[in-house]
1. Would you report the distance distribution of C-alpha pairs in segment 1-188 as whole percents per 10 angstrom bin, up to the bin with the largest distance?
2. Please compute the volume of the convex hull spanned by the alpha-carbon atoms of segment 115-166 and report it per residue in Å³.
3. Within the P(r) computed for segment 282-329, what percentage of the Cα pairs occupies the region above 12 Å?
4. Any idea how far apart S182 and L381 come out in nm if each label point goes 7 Å out from Cα toward Cβ?
5. Can you give me the pair-distance distribution of segment 193-386, C-alpha pairs, 5 Å bins, whole percents?
6. P(r) for the chain: what percent of alpha-carbon pairs falls in each 20 Å bin, starting at zero?
7. Ignoring everything except DSSP H segments at least 4 long, calculate the 222 nm mean residue ellipticity for the chain; use -39,500 (n - 2.57) per segment, divide by total residues, nearest 500.
8. Divide, for segment 62-161, the radius of gyration over alpha carbons by 2.2 N^0.38 Å, where N is the residue count.
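Please treat every number below as a calculation from the coordinates, not as lab data. Please read all numbers here as calculations on a predicted model, not as lab measurements. Neighbour counts are summed over all protein chains in view; Cβ atoms, including those assigned to glycine, are modelled from backbone coordinates with ideal geometry.
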Amino acid sequence: MSDRYALVRYLCGAAAARTGDEASGPALLLLGVAVTGSATTGSALLAGVTATAAIGGPAVGVLLDRAVRPGRLLSAILALNALGLIALALFLEPLPFAPVLALALVVGLLGPALSGGWTAQLPRLVAPTHLARANALDAMTFSTASLLGPALAGTVALGAGSGFAIAVAVALIALAAPVAWSLPARSTPPVPSPLLTDLVAGARVVLGNRALLRVTVVSTVSIAGTGVLVVAAPLLGERSLGGAAQGAMSLSVMAVCSLVANLALARRPARLAPDSMVPLCVLVQAVGVVGAMVAPSAPWLLLAVAVVGAAEGPQLTALFTVRHREAPERLRTQVFTTAASLKVSAFAVGAASAGPLADHSLTLCLVLAVALQVTAALAHLLLSRPRPTPNPLRVEDGS
């Protein structure tokens, strides 16, 4: 199998899994409302499948790192995720809500495998010289999924019902399972070690490696700012675009611009080092949110949202590049799934904190989004400062 054919298969599988994942959240939200008539039920289901990601990310990553054929384990995880979504849809009406919510929490543990679990397999698919382009293409699947997933769930639910929206999400995840099964095995079997030892080792790699810690902190804080902007989008639509629905659709503009930016990077990689690209993109996102806050009319608002999206895509590509470069082979998947789980949790925290602010003041909500992006850039600056080294003369004087 040529590198190109293997990469095409990988991208199709990753895009299907991630689109199914992006569709499953809105589909569960709509299903909860349709079955129980309560928005609280729908939001609780959505929270359930995201809340446990921070726990599941490291654990799923360790299991994939310990597997000789990680693709086959990833395939099994995809199948379990699909079965879990089916069970949620089937049991929501006949069972009390408490066990259904517990099942949603269990399904949420598997979520990081659909994002970071795929990306960690890339170095075994392409030559090192092609990894930068593969990273940009892989990042495009996230933009595609965030664009298509919610739109697909909403369209199918509107035309055929929320149950069919769940079925579409399940079908997409299931389509990705055979592709995951075909991913290559490790060239050398992993050295057996206790599970807890590997979990601790993964945490030490992220916390002890300056470059990994830096991009992990920056991306986690930045995605919280994105969560705030997503909550603010309907209100921006009411103010400048004629309605809340149009504001939500402006998020599609952001996703399209992210996709286009990564497509450009795939054709011609940026000359700027990825470690410098990350804070630059964060600052550009902050500028875009400021633009959305002060936009006097619809065209200016759409331009500001486009700026945010155009920076978001290259930021993700740069993150992947740094993680592939810095993560050791035996812990690579754990690094990616841990980062993915932190981003999911941070997005949820940002969105949750933005709700009360948005009800009180749209401007305050957007100020929070800007503040988080600026904080992310400042965190990069602080974590880039050289560590103090002991003065040998002072040590001799004190001996």
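1. Computed distribution, short to long bins: 10, 37, 33, 15, 4, 0.
2. Looking at segment 115-166, the number lands at 80 Å³ per residue.
3. Numbers: 703 of 1128 pairs.
Summing the P(r) of segment 282-329 above 12 Å gives 62 percent of all pairs.
4. About 4.9 nm, to one decimal.
5. 1, 8, 16, 19, 18, 15, 10, 7, 4, 2, 1, 0
6. With a bin width of 20 Å, the distribution comes to 28, 58, 13, 1.
7. Working: 16 runs with 327 residues, N = 399.
One gets -28500 deg cm²/dmol as the mean residue ellipticity at 222 nm.
8. Against the compact-globule rule of thumb, the ratio is 1.34.
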